[in-house]
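Please read the structure below before turning to the comments.
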Amino acid sequence: MSVVPTAKTPKSCKEILENDQESESGVYTINTNIGNIKVYCEMQIDGGGFTFLPRSAITSQKILDISSLFTDKTKVILRVQEKNGSQPFTLVQQLADYSYIPLGVLINSHVGFKQPVNFAMGPYVYLGFLPASVVSNPANSKQGFTSNNQPFVFTNCDRNTNSYFSFFSNPNKVAPSRYAANVDHHVHWRNTGKPLSRLMPSDYFFFTESHFGGCGGYSSSNQWTDATGTAIGIQ
């Protein structure tokens, strides 16, 4: 009796899209170093093939290897869970002056970048913009990022090396830090969000911290009045 070969489980949303250009956005199963996991695949925005990780994927005792998921280090998609139920998106990239520096997306690590304020919350996805070695250089005082092609720029007033977003699963319900709020551009980047009619399950949204500078601002999603968290998609 002949055996019909079974298709291998894909390793990323990008691979799924490459195998079938008609693939629609939604939840798919991919194979990773921690086993098969269900991810949300965004197949339309900016060419598609973006993989959104669920909170459960980063709480595994074994650290998820995202090397096959994050191959384009020039951009990520952030989707905001707004309190009115909508989930707008923004394409986030480096400022033009720093386009030569790859974005850093790390799991339970911030090597080369500043430790997040809410580190005690446990498992996290880290999105780093400028490494500490770049931020601390006085020649690089103009810093920030772009959100849907809109630049958000600040002058780092004291060379503090914060230049990141962190996304926490917070499985033990640790209380957020009381670090003083300074929302500044942290509200404005969310205002660049573009609407999407298709919604993602709640497991893909994380408690979110953003921190820039030296005078760039700090914010965490427990302080937001319009939203509760963010999902991150990588390609």
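The values are calculated or read from the model by the stated rules, or taken from the named source; none is laboratory data. Quantities reported herein were computed from a predicted structural model and do not represent experimental measurements. Glycine gets a Cβ as well: all are built from the backbone with ideal geometry, and neighbour counts include every protein chain shown. Accessible surface is based on the protein model in full, side chains and every heavy atom, while ligands, DNA and RNA are left aside. Shrake-Rupley method; radii C 1.70, N 1.55, O 1.52, S 1.80 Å.
Being modelled with pLDDT of 95 or more, open to solvent by less than 50 Å² (accessible area, probe 1.4 Å) and part of a strand (DSSP E or B), is that true of even one residue in the stretch 94-103?
No; the residues of the stretch 94-103 include none that is modelled with pLDDT of 95 or more, open to solvent by less than 50 Å² (accessible area, probe 1.4 Å) and part of a strand (DSSP E or B).
Please enumerate the residues belonging to the stretch 71-93 that are more than 15 Å from residue 197 (Cα to Cα) and open to solvent by 10 Å² or more (accessible area, probe 1.4 Å). Walk me through how you get there before you give the answer.
Restricting attention to the stretch 71-93, the residues satisfying the condition of being more than 15 Å from residue 197 (Cα to Cα) are 71-78, 83, 91-93.
Correct list: 71, 72, 73, 74, 75, 83, 91, 93.
Within the stretch 49-63, which residues are buried (at least 19 other Cβ atoms within 10 Å of the Cβ) and either among the aliphatic types (A, V, I, L, M) or not in a strand (DSSP E or B) (or both)?
Quick first cut of the stretch 49-63, residues buried (at least 19 other Cβ atoms within 10 Å of the Cβ) only: 49-55, 57-58.
49, 53, 54, 55, 57, 58 - these are the residues of the stretch 49-63 that are buried (at least 19 other Cβ atoms within 10 Å of the Cβ) and either among the aliphatic types (A, V, I, L, M) or not in a strand (DSSP E or B) (or both).
Between a first residue in the stretch 202-215 that is assigned to a strand (DSSP E or B) and a second residue that is of a type in the set (Lys, Arg), which pairs have beta carbons less than 7 Å apart while being 6 or more apart in sequence or on different chains?
Final answer for the pair search is 206/55.
Mind checking which pairs have a first residue in the stretch 35-60 that is more than 11 Å from residue 235 (Cα to Cα) and of a type in the set (A, V, I, L, M) and a second that is part of a helix (DSSP H, G or I) and open to solvent by less than 30 Å² (accessible area, probe 1.4 Å), Cβ under 6 Å, 6 or more apart or different chains?
Hits for this filter: 37/57.
Could you grab me the full set of residues in the stretch 15-42 that are among the hydroxyl-bearing types (Ser, Thr, Tyr), surrounded by 15 or more Cβ atoms within 10 Å (Cβ to Cβ) and assigned to a strand (DSSP E or B)? If you could, list the steps in order and put the result at the bottom.
First, pick out the residues of the stretch 15-42 that are among the hydroxyl-bearing types (Ser, Thr, Tyr): 23, 25, 28-29, 32, 40.
Okay, now just the ones that are also surrounded by 15 or more Cβ atoms within 10 Å (Cβ to Cβ), so 23, 25, 28, 32, 40.
28, 32, 40, listed by residue number.
Consider only pairs whose beta carbons are under 9 Å apart and that are at least six residues apart or on different chains; among these, list those whose first residue lies in the stretch 141-167 and is within 11 Å of residue 213 (Cβ to Cβ) and whose second residue is open to solvent by less than 10 Å² (accessible area, probe 1.4 Å) and of a type in the set (Val, Ile, Thr).
Filtered contacts from the stretch 141-167: 143/135; 156/135; 159/135; 160/135; 161/135; 162/135; 163/135.
Quick check on residue 161: is it outside any loop (DSSP other than H, G, I, E, B) and surrounded by 15 or more Cβ atoms within 10 Å (Cβ to Cβ)? Can you show your working first?
Values: outside any loop (DSSP other than H, G, I, E, B): no; surrounded by 15 or more Cβ atoms within 10 Å (Cβ to Cβ): yes.
So residue 161 does not fit the description; no.
Please find, within the stretch 194-235, the residue that is nearest to residue 155 (Cα to Cα) out of those that are in contact with a strand residue (DSSP E or B) (Cβ under 7 Å, 6 or more places away or on another chain) and β-branched (Val, Ile, Thr).
Result: 208.
Tally up the residues in the stretch 188-201 that are open to solvent by 50 Å² or more (accessible area, probe 1.4 Å) and not in a strand (DSSP E or B), please. Break it down stepwise before answering.
Restricting attention to the stretch 188-201, the residues satisfying the condition of being open to solvent by 50 Å² or more (accessible area, probe 1.4 Å) are 188, 191, 194-195, 197-199, 201.
Now narrow it down to the ones that are not in a strand (DSSP E or B): 188, 191, 195, 197-199, 201.
Total meeting the criteria: 7.
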